[in-house]
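Remarks on the structure that follows.
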Amino acid sequence: MPIEPPPTPWVFPDPADIDSDGLIASGADLEPGTLLAAYRRGLFPMPLRKRTIGWWSPDPRGTIPLDGLIVSRSMRRSARRFEVRFNTRFRDVMTRCADPRRPQGWITAEFIDAYTRLHELGWAHSVEIIADDRLVGGLYGVRINRLFAGESMFHIETDASKVALIHLVDWLNATDASLLDVQWTTPHLRSLGAVDVRRADYLRRLAQATA
């Protein structure tokens, strides 16, 4: 069972009360209690500017229905050539996701340290894809009850990140999850079944998932 950290001293606004399609607040910190309070509120952090954290709640919000992941037969066959592990190389996965050569990279050393602390408390999880004992793909995110908030994924071999997503969804279905949040949809995620939902609908589903 995850360990509940000390509560945050910060109070986040309710995204339902803010007239914004993305940025809801700025400031605060990345302590475990702060991160959990934000996710329970429907927010997630990204750097806004140097040494300032932005807290976001997109409208619409990207989600992947847990019964709607699009996986071809060829992809299932491709998955067999990889080894899949959970929570054995969390920091390595985050570091690969933070590769500064990636376009629009935003994961800083501060974020890696913060989510590693959350991982050590049992809240943040990684899926690792291994080939020939090398880390070739993976993803990470935060699990709160029936919510999984996906943060980022990477691959250095074809299909490795898709295989990580397949195994994530299999795990979520096997453990009675109900909501897979992917923040914003992209053409890549839409090809895998991601859909947009209005913020009000997301917040309603979030309350049910994290109750």
Just one listed residue, out of 148, 154, is closer than 22 Å to residue 2 by Cα, among the aromatic types (Phe, Trp, Tyr) and in contact with a strand residue (DSSP E or B) (Cβ under 8 Å, 6 or more places away or on another chain), and it is 148
Selected residue (criterion: surrounded by the fewest Cβ atoms within 10 Å (Cβ to Cβ)) from residues of the stretch 100-140 that are among the small types (Gly, Ala, Ser) and without any contact (Cβ under 8 Å) to a residue 24 or more places away in the chain: 109
Of the residues in the stretch 11-54 that are out of contact with any helix residue (DSSP H, G or I) (no Cβ under 6 Å at 6 or more places or on another chain) and of a type in the set (Phe, Trp, Tyr), the one that is farthest from residue 122 (Cα to Cα) is 44
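Quick check on the stretch 191-204: of everything there that is assigned to a helix (DSSP H, G or I) and out of contact with any Asp or Glu (no Cβ under 9 Å at 6 or more places or on another chain), which residue is surrounded by the fewest Cβ atoms within 10 Å (Cβ to Cβ)?
If we filter the stretch 191-204 for residues that are assigned to a helix (DSSP H, G or I), which is where we start, we get 191, 199-204.
Retained after the next criterion (residues that are out of contact with any Asp or Glu (no Cβ under 9 Å at 6 or more places or on another chain)): 191, 201, 204.
Values: 191: 10, 201: 14, 204: 13.
Per the criteria, the residue is 191.
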Looking at this structure, is residue 89 within 22 Å of residue 171 (Cβ to Cβ) and among the basic types (Lys, Arg)? yes
Going residue by residue through the stretch 56-66, is there one that turns out to be farther than 24 Å from residue 10 by Cα, loosely packed, with under 15 Cβ neighbours inside 10 Å and not aliphatic (A, V, I, L, M)? yes
With the requirement that a residue be modelled with pLDDT of 95 or more and part of a helix (DSSP H, G or I), what does the stretch 167-189 give you? 167, 168, 169, 170, 171, 172, 173, 174
Could you identify the single residue in 68, 54 that is farther than 28 Å from residue 111 by Cβ and either part of a loop (DSSP other than H, G, I, E, B) or of a type in the set (Gly, Ala, Ser) (or both)? 68
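The values are calculated or read from the model by the stated rules, or taken from the named source; none is laboratory data. Given the structure is predicted, the values throughout are model-derived calculations rather than measurements. Backbone-built Cβ (ideal geometry, glycine too); neighbour counts: all protein chains shown.
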